[in-house]
Amino acid sequence: MGKAELPLHAPGTQLDRGYIGQSVPRANAQRLLQGRGAFTDDLRFPRLAHVAFFRSPYAHARIRKLDFSKAEKQPGVIGIFDGRALAEYCTPWVAVLAHLKGIKSPPQHAIAIERACWQGEACAAVVAESRTQAEDAVGLIEAEWEELPVVVDMEAALQNKTTIHSDLGDNVCFKRELETPGATEALSKADVVVEDTFHFGRHTGVCLEGRAILADYNAGEHSLTVYHATQAPHMMQDIFARHLNIPEANVRVIAKDVGGSFGIKVHVYPDEMATAALSVMLRRPVKFVADRLESFLSDIHCREHRVKIRIGVSKSGEIVGFDLDDLTAIGPYSVYPRTSGIEGNQVVNLTGGPYRHQHYRAKMHVVFTNKNVTCQYRAVGHPIAVALTEGIVDLAARKLGIDPAEFRRRNLIADDAYPYTFPSGIKFEKLSHHQCLDKLLEVMNYRALRTEQEALRKNNVYRGIGLAAMIEVTNPSPAFYGVGGARISAQDGATLRLEPSGMVTVMCSVTEQGQGTEGIFAQIAASGVGVSVEKVKVITGDTGVTPYGGGTWASRGAGIGGEAVLQAARALRSNILDIAAAMLNLDKGRLDVVDNSVVDRLTLETRVALAELGRVAYFRPDTLPMDFQSELTVTRHYTPRQYAFTFTNGIQASWVEVDPDTGFVKLLKHWCVEDSGTLINPMLVDEQLRGGVVQGIGAALYEECVYDADGQLLNGNMADYLVPMACEMPDIVCAHIETPTRQSQLGAKGVGEAGTAGAPAAVMNAINDALAPLGARVTRMPFTPERILDGIARAKAGA
């Protein structure tokens, strides 16, 4: 399309499937929309428009007709567009990764074209002068639907009696099998084999701030500026450029302080791509903010799994091996660009992780269903793998009559066994399971709790202790996504600049989502350069300013972004000392930077303030030696190379009380011991752990997206979807072991997902420990009172 054309919705072009946008000569735009109040301002100075989406009320239906005639007459409506109109401006995507062998998914469009595949999928967009006007018009769109067979159950999807995408042949998005040599024989010969089936309810992020985007296309420059609540600005810059056919250098993505993400905002959402495409079509800024109700329908969900697991053990309590069969449902599409196969793949990689067995067999299927899509959410796959591992480990310990803590002590990988290769092929640099276990038992006073538990049971008070050892993927290398062809950077960059005033400006590609990234970058920069923290300004989340990098995901901010900041800070410090040595005619080795000044290294006597050094370097370089050039802006990038992932480890414990008459669980106390390498800011680390634990408790006890047999979400609102509340949370005690990674100068590992990874397993084991005297056991999350009472009833009935 040439620059002389303005794409607008043209009334009177009704097709059998609705209206489409047309390319309209700019000169005819006013005439075309005359009388409809579509443009109340000069087209040369377009004002902000708002978009609302007409979403499918059905889980699976063919779009026979969309009638916009009533909606387009509403005040303030600028244009109404269906999927075909958007497809002219935004190309579809397919979410696959080459290293996930055999993964498949159909093309997905910004707006559905022929059929809707889940309740809530966008089928049309209304652009108006206000959000209220757009929503009012959406309510007047009339649609004719042809309902199609719905696949909701995972098992039914795997059986493929109804295929959602006929072109793909079946409902299997991805499958993987893994078996170590001799695993089948070893498990068959184990003295004791224990097995169980675990179910995990799908849930979602419920971020404090909903998804939001404001896209502003400048036709004169053929450029796009996007203000976006995203975790990965550079990834989105690339995606907007490629799918909207705009040069990457002409796309700027700005993601300032985001009100919570938890992985929810690291994906490509069709309605957000549609918003950007509409800005290009209309050549004006367009804004979309997902309200809470549509967030439940359209924000990615996660963790819908049915898993059968077996463990083989010797009579002396040594683990022989694990056998895993995981079935997980992801909705009708694999989510772009990270794919929806990663969560199940992580379950296979991580199950059994803390233990020193050498035999492992795993089978996993990822299937399409007609529910909302699922993808990466805080601690991707870890809560499933940890709950499976720790749940079956507890069951084996009970079968053998061994205390759960002692059973773990016998089987955890020894602290001096590293580097270590796990049966699934992942490699551990250095972990500290036994140190963490010892610390946990000490801080929780484990033996005293066991004594108290026994005494209370005599009075029919049922309390339980649950333990959960864990490993966590952090600081991922290109082996996570880049190796599969995804244009997702594994590196992060930092630029540090000494200002003439003596201030230090830090620009880093990691974004701030409320996790305290900017605070630790300020600390690292201040320490690395030699200035006070108040002298540091941090800028993040702007592709027009910051170096290229991956952003915020997989607990990588401190370990990768922080390392880039440290390396840049040390380089800037060295450059400062070069200038000072030239100014003072002294040897560089005699100088240092301390408290915002260059000082004598031995006496700490101030030789020159950084503000004075900046003044000379920027404004009087003529006073420096003729052959000297000052350099007060430094950029460094960092990505881990030696290991695919920098693993952390830890262990958690939960102390609960279960009321057998009501099924209610009272959380009494929770402990978390974590080894996340070098602790930069202990307070931030503890609060990351506590926040993660709370989200894990939510998955264990409260949160579940409930669908009926027709694929209708039954509890997509804050009244019916339960989240953990402050009044229900226990005191959460945090303690630490520090084993710095040797892959970086900083030595930091990640910590953002550890609490979420271990908490569900600890709570589950505590509940089952409390129920043990009643012979009951629960394995379906969330553990609602109804499910606990059902478990007790089945135990009484001998089921």
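The values are calculated or read from the model by the stated rules, or taken from the named source; none is laboratory data. Only a predicted model underlies this, so the values are computations on that prediction, with no experimental measurement involved. For neighbour counting, all protein chains shown are included, and Cβ atoms are generated from backbone atoms with ideal geometry for every residue, glycine included. What goes into the accessible areas is simple: the full protein's heavy atoms, side chains included, and nothing from ligands, DNA or RNA. Shrake-Rupley method; radii C 1.70, N 1.55, O 1.52, S 1.80 Å.
Annotations
- Qualifying GluC sites (Glu not before Pro) in the stretch 246-335, where qualification requires a DSSP coil assignment and no more than 16 other C-beta atoms within 10 Å, comprise Glu318.
- When all protein chains stay in place and ligands, DNA and RNA are ignored, the 1.4 Å accessible-area order of Asp731, Asp592, largest first, is Asp731, Asp592.
- Length released on extending from Glu147 to Lys73, taking residue separation times 0.36 nm less the Cα-Cα span: 23.8 nm
- For the stretch 50-180: rounded, prolate or oblate by the Cα gyration tensor [a/c cutoff 1.5]: prolate
- Accessible area in the full protein assembly, largest first, 1.4 Å probe, for Tyr355, Tyr420: Tyr420, Tyr355
- Rg/Rh (Cα only; Kirkwood hydrodynamic radius) as it applies to the stretch 532-593: 1.10
- Relative contact order (percent, whole number), the stretch 425-563, Cα cutoff 8 Å, 6+ residue spacing: 24
- A Förster distance of 51 Å, applied to the separation of the beta-carbon atoms of Ala709 and Val545, puts the FRET efficiency at 0.50.
- For the stretch 505-625, convex hull of alpha carbons as volume per residue, Å³: 109
- Dmax and Rg, reported as Rg then Dmax, of the stretch 591-676 (C-alpha, Å): 28.1, 87
- Label positions at Asp170 and Ala772, each projected 7 Å from the Cα along the C-beta direction, are separated by 4.1 nm.
- Calculated P(r) tail over 19 Å for the stretch 50-105, as whole % of Cα pairs: 54
- The Cα atoms of the stretch 63-138 give a gyration tensor whose axes a ≥ b ≥ c have a/c of 1.5 or more with a/b greater than b/c, which makes the shape prolate.
- Across the stretch 177-243, the fraction of Cα-Cα pairs farther apart than 14 Å, rounded to a whole number, is 77%.
- Judged by the mean number of other Cβ atoms found within 10 Å, the most tightly packed of the peptides 617-630, 462-475 leads the ranking 462-475, 617-630.
- Annotation: Ser188 carries an accessible surface of approximately 90 Å², with a 1.4 Å probe and no ligand, DNA or RNA atoms counted.
- Once C-alpha pairs closer than 8 Å and six or more residues apart are averaged by separation and normalised to the residue number of the chain, the relative contact order reads 14 percent.
- Rolling a 1.4 Å probe over the protein heavy atoms leaves Arg556 with an accessible area of roughly 0 Å².
- The stretch 165-186-the stretch 730-770 distance, computed between alpha-carbon centres (Å): 31
- Under 5 Å, built H, 5+ apart or other chain: amide partners of Val320: Gly312, Val313, Ser314
- Rough spin-label spacing in nm, given labels placed 7 Å along Cα→Cβ, for Tyr618 and Ile254: 2.2
- Accessible solvent surface per residue of the stretch 600-737, calculated while the other protein chains remain in place, 1.4 angstrom probe, Å²: 47
- The packing ranking, built from the mean of other Cβ atoms within 10 Å per residue, places the peptides 365-373, 583-591 in the order 365-373, 583-591, highest first.
- Histogram of C-alpha separations across the stretch 367-491, 10 Å bin width, %: 9, 29, 31, 18, 10, 2, 0
- Within the chain, helix-based [θ] at 222 nm, where runs of 4 or more DSSP H residues each add -39,500 (n - 2.57), nearest 500: -8500 deg cm²/dmol
- Helical segments meeting 20 Å axial Cα length and Kyte-Doolittle 0.5 threshold in the chain (DSSP H): 382-400, 562-584, 682-701, 754-771
- Over the chain, the reciprocal of the mean inverse Cα-Cα separation, the Kirkwood hydrodynamic radius, stands at 28.3 Å.
- Calculated accessible area for the stretch 136-257 comes out at 45 Å² per residue, all protein chains present (probe 1.4 Å; ligands, DNA, RNA ignored).
- Straight Cα distances below 21 angstrom link Lys537 to the lysines Lys256, with same-chain residues fewer than 8 positions distant left out.
- Förster radius 45 Å - calculated FRET efficiency between Glu88 and Cys727, Cβ distance, rounded to 0.05: 0.30
- Peptide packing: for 701-713, 764-776, the average count of neighbouring Cβ atoms within 10 Å per residue gives the ranking 764-776, 701-713, highest mean first.
- Dividing the convex hull volume of the alpha-carbon atoms in the stretch 477-568 by its residue count gives 84 Å³ per residue.
- Potential lengthening of the chain between Ala609 and Arg64 amounts to 188.9 nm, from the contour at 0.36 nm per residue minus the alpha-carbon distance.
- Once backbone amide H atoms are built at 1.01 Å from N, Arg55 has Cys123 as its partners under 5 Å, excluding neighbours fewer than 5 places away on the same chain.
- Straight-distance crosslink candidates among lysines, where the alpha carbon sits under 28 Å from Lys796 and sequence neighbours closer than 8 are dropped: Lys308, Lys399, Lys458, Lys666
- Applying 0.36 nm per residue to the separation of Asn460 and Gln358 and subtracting their alpha-carbon distance, the gain on full extension is 32.5 nm.
- Area of His165 that stays accessible when all protein chains are in place (1.4 Å probe, Å², to 10): 10
- In this calculation the C-beta distance from Glu318 to Arg292 is compared with R0 = 60 Å, giving a FRET efficiency of 0.75.
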